[in-house]
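Structure first, commentary second.
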Amino acid sequence: MGDSEDGDVPQLSSHTLAALQEFYAEQKQFTNLGGDDKYNIGVIEENWQLSQFWYSQETALRLAQEAIAAAGEGGRIACVSVPSVYQKLRELHMEDVSVGLFEYDKRFAIYGEEYIFYDYNNPLDLPGKIAAHSFDLVVADPPYLSEECLRKTSETIKFLTQGKILLCTGAIMEEQAAQLLGVKMCKFIPEHTRNLANEFRCYVNYDSGLDSGT
């Protein structure tokens, strides 16, 4: 074979090459994670295009503790579009609770069988292993502040929960949340690692420790 044939070898564009390098770097990052490290909030970076904004450590801990208390010993908790609460639950080594992470971003598949791909546009398109009303508590944070997103996510919440709901969304969604899910705003105010333009609040449909103030 002569050197002249090298011109037939396809060359990657700089954009494609950069994307590949980013992908391999990300894979290496996840491969190197071990033990509790993979559950650190922020180990998977926010993707603003997916409207991802992680909770602060303090808020994630408070919500995880609330979820554990609400679900009870041996309880099952569904985290819908709220990965930082899932991460905090697992960081706390709460082996006596079962947790499922329903999330669109497939980077969270590093969490194995507890990860369930979820697209709010298809609210009931869930794996057959997920039975109706099989979770003691659903913690949810719809990715977008829109009536459509909340309505579709609500379908998922009502399918999954045995009754208890902990919803985190904008204060402007209070009326819609009450109509769709029968939840009421709590005194506790969740915070994110970055300051958001919209005020966020928590809503529940049960007697909650989040209503004892900040």
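The values are calculated or read from the model by the stated rules, or taken from the named source; none is laboratory data. These figures come from a predicted structure and were not determined experimentally. Ideal geometry is used to build each Cβ from the backbone, glycine not excepted, and the neighbour counts take in all protein chains shown. Each accessible area value is taken on the protein alone, full model and side chains, heavy atoms only, with ligands, DNA and RNA left out. Shrake-Rupley method; radii C 1.70, N 1.55, O 1.52, S 1.80 Å.
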Residue in region 117-160 that is modelled with the highest pLDDT, counting only those that are acidic (Asp, Glu) and closer than 23 Å to GLY72 by Cβ: ASP136
Checking the structure you have, find out if any residue of region 54-77 is in a strand (DSSP E or B), at pLDDT 90 or above and crowded, with 16+ Cβ neighbours inside 10 Å. yes
Can you confirm whether LYS164 is of a type in the set (Lys, Arg) and more than 17 Å from the chain's Cα centre (by Cα)? yes
Checking GLN179 against (1) without any contact (Cβ under 8 Å) to a residue 60 or more places away in the chain; (2) within 16 Å of the chain's Cα centre (by Cα), which single condition isn't satisfied? (2)
Can you tell which of VAL80, VAL99, VAL85 is under 19 Å from ILE165 (Cα atoms), within 13 Å of the chain's Cα centre (by Cα) and without any contact (Cβ under 8 Å) to a residue 24 or more places away in the chain? VAL99
ALA19 passes all but one of the listed conditions (1) more than 12 Å from the chain's Cα centre (by Cα); (2) modelled with pLDDT under 55; (3) open to solvent by 40 Å² or more (accessible area, probe 1.4 Å); the exception is number (2)
